[in-house]
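Colleague: My structure is below; once you've seen it, I'll send some questions.
None of the figures in this text is laboratory data; all of them are computed from the coordinates on show. Fair warning: this is a prediction, and the values are worked out from it, not measured in the lab. Cβ atoms come from the backbone with ideal geometry, glycine included; neighbour counts cover every protein chain shown.
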Amino acid sequence: MYLRHFGLRETPFSLTPDTSFFFACSSYQEALNTLLVAARNGEGFIKITGEVGNGKTLLCRKFLATLNQGRHSTTLIGTQDQASIAATAPSFITAYIPNPYLDPNSLLLALAEEFRVPLEKVTDQHMLLKGLTLTLLDCARNGQRALVCLDEAQAMPLESLEVLRLLTNLETEKRKLLQVVLFGQPELNERLRQHSIRQLRQRISFQYDLRGLHKHELERYLRHRLAVAGFAGETLFTAGAVGKLHRITGGTPRLVNIVAHKALMLAFSDGRQQVSVRHIRDAAADTPEVRRDWLPWALTGAAVIVTLGIAWAVIAWMGPQ
């Protein structure tokens with residue numbers, strides 16, 4: 001492996017959503033601020049959408065890790081009195097469901113397990129709802145707020161989405177007993193346009209569309225991850241390599257990580273201390289998801305070369321005559 005060669009403690013471009021590698025680019029920071037403000041305001045439904053590979057799961061984990069931490073430290077940016085906001089932030093109990101492709105009863109069971117609701121071995125849906133309601137009421141009496149994050153929400157059956165809406169009907173005179181954050185691909189928006197769940201759609205008060213890394217953010221992203229992984233130098237990627245990397249990935253973090261990891265392996269195998277444009281190009285050639293971004297250009301270049309070759313052959317053939 002290339003870790004010792006580059007002076008790294010761990011792999012800098014792993015696909016695991018490790019919050020220690022969280023990079024607060026403009027889109028991520030705006031999304032995180034939106035989540036924190038909405039949650040602390042007690043909003044019932046919050047929605048975060050983003051294309052595949054844009055880091056929704058990492059954002060979700062960072063949000064959950066920051067939610068209660070914010071009571072002791074400042075998190076939001078661009079506010080007048082961050083210290084007072086952090087000091088008065090409510091306390092949350094949270095649940096995380098990574099795979100919400102569940103029927104209504106299974107979803108209620110998953111929520112009950114996450115919120116540690118005491119249940120009998122055999123429990124029907126009525127008893128599940130009753131147990132959840134009592135637990136959420138206890139949380140409210142103790143000054144806590146209950147919040148659940150559902151990842152890959154575009155896969156949720158419509159019936160399960162409706163159960164979530166019914167759960168958010170539970171409220172005290174002051175606020176909802178349960179807040180719901182939906183993380184999903186753009187297909188989630190299509191599902192929410194279904195007429196049968198229009199009541200849920202109307203309850204989404206905060207939403208954000210997560211984007212990839214801008215071109216000017218990519219170099220800082222690479223430096224950040226390398227530094228977290230233990231790299232003590234300036235950078236391992238040339239300026240040309242960074243530009244090429246953004247062109248072929250569009251700034252999608254997952255694709256950036258895949259190609260950057262392979263490029264480091266190629267640089268290591270060459271005995272180089274920096275990743276060049278060639279390493280990025282060769283790494284991209286082995287990554288099907290990014291090939292379509294540069295393949296048309298490559299084919300055009302190849303076509304030009306072939307055309308010039310034919311023209312040169314014709315000229316050479318006609319010349320002596």
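Colleague: Around LYS47, which amide H atoms from residues at least 5 apart in sequence, or from another chain, sit under 5 Å from its own amide H, with H modelled in the peptide plane?
Modeller: Under 5 Å from the amide H of LYS47 lie the amide H atoms of LEU182, PHE206, GLN207, TYR208, each far enough along the sequence or on another chain.
Colleague: What are the ³J(HN,Hα) couplings of segment 39-46, residue after residue, when phi is run through the Karplus curve with 6.51, -1.76, 1.60 and θ = phi - 60°? Round to Hz, x for glycine and proline.
Modeller: Coupling constants for segment 39-46: 5, 6, 7, x, 5, x, 10, 10 Hz.
Colleague: At 1.306 mPa s and 10 °C, plugging the Kirkwood radius over alpha-carbon pairs of segment 26-210 into Stokes-Einstein gives what diffusion coefficient in µm²/s?
Modeller: 94 µm²/s
Colleague: Can you tell me how much longer the chain between ARG203 and THR11 gets when fully stretched, taken as 0.36 nm per residue apart minus their C-alpha distance, in nm with one decimal?
Modeller: Working: separation 192, 0.36 × 192 = 69.12 nm, distance 4.17 nm.
Stretched fully, the ARG203-THR11 segment lengthens by 65.0 nm.
Colleague: Straight distance only, please: which lysines reach the Cα of LYS130 with their own Cα at less than 27 Å, same-chain residues fewer than 8 apart left out?
Modeller: LYS47, LYS121, LYS174, LYS176
Colleague: Of the peptides 97-104, 44-51, how do they stack up when ordered by the mean number of other Cβ atoms within 10 Å, highest first?
Modeller: 44-51, 97-104
Colleague: Taking θ as phi - 60°, what are the ³J(HN,Hα) couplings along segment 204-218 by the Karplus curve (6.51, -1.76, 1.60), each to the nearest whole Hz, with x for Gly and Pro?
Modeller: 7, 8, 10, 8, 8, 9, 6, 10, x, 7, 6, 4, 6, 8, 5
Colleague: Can you tally the net charge around PRO104? Count Lys and Arg as +1, Asp and Glu as -1, for every other residue whose Cβ sits under 10 Å from the Cβ of PRO104.
Modeller: Surrounding charge for PRO104 is -3.
Colleague: Let me ask you something else. All other residues with a Cβ under 12 Å from the Cβ of TYR208 taken together, and with Lys, Arg as +1 and Asp, Glu as -1, what is their net charge? Could you put the intermediate results ahead of the total?
Modeller: Numbers: positive: LYS47, LYS56, ARG211; negative: GLU30, ASP209.
That sum, taken over residues with Cβ under 12 Å, equals +1.
Colleague: Pull up all non-local amide H partners of PHE237: gap of 5 or more, or a different chain, and H-to-H distance under 5 Å with H placed in the peptide plane.
Modeller: Those lying under 5 Å, H to H, from PHE237 are VAL275.
Colleague: I need the phi-derived Karplus couplings for segment 144-153: 6.51 cos²θ - 1.76 cosθ + 1.60, θ = phi - 60°, integer Hz, Gly and Pro marked x.
Modeller: Working through the residues one at a time gives 9, 10, 9, 9, 10, 10, 10, 7, 6, 5 Hz.
Colleague: Report the local net charge at TYR28: Lys and Arg +1, Asp and Glu -1, summed over other residues whose C-beta lies under 10 Å from its C-beta.
Modeller: 0
Colleague: For LYS244, give me every one of the lysines with a C-alpha distance below 18 angstrom, ignoring sequence neighbours fewer than eight places off in its own chain.
Modeller: LYS215, LYS262
Colleague: Also, I was wondering about something else. Place the peptides 58-65, 226-233 in order of packing, highest mean first, counting for every residue the other Cβ atoms within 10 Å and averaging per peptide. Write out the running numbers ahead of the final one.
Modeller: Numbers: 58-65: 20.0, 226-233: 15.8.
With the highest mean Cβ count within 10 Å placed first, the list reads 58-65, 226-233.
Colleague: Between the alpha-carbon centers of segment 121-178 and segment 234-284, tell me the distance in whole angstrom.
Modeller: So the separation of the two Cα centres works out to 45 Å.
Colleague: List the residues, sorted by chain then number, that are 5 or more residues from GLN179 or on another chain and whose placed amide H is less than 5 Å from its amide H.
Modeller: ALA146, LEU147, VAL148
Colleague: In addition: What is the projected area of the convex hull of the Cα atoms of segment 123-167, averaged over all directions, in nm²?
Modeller: Working: hull surface 15.2 nm².
Averaged projected hull area, Cα only: 3.8 nm².
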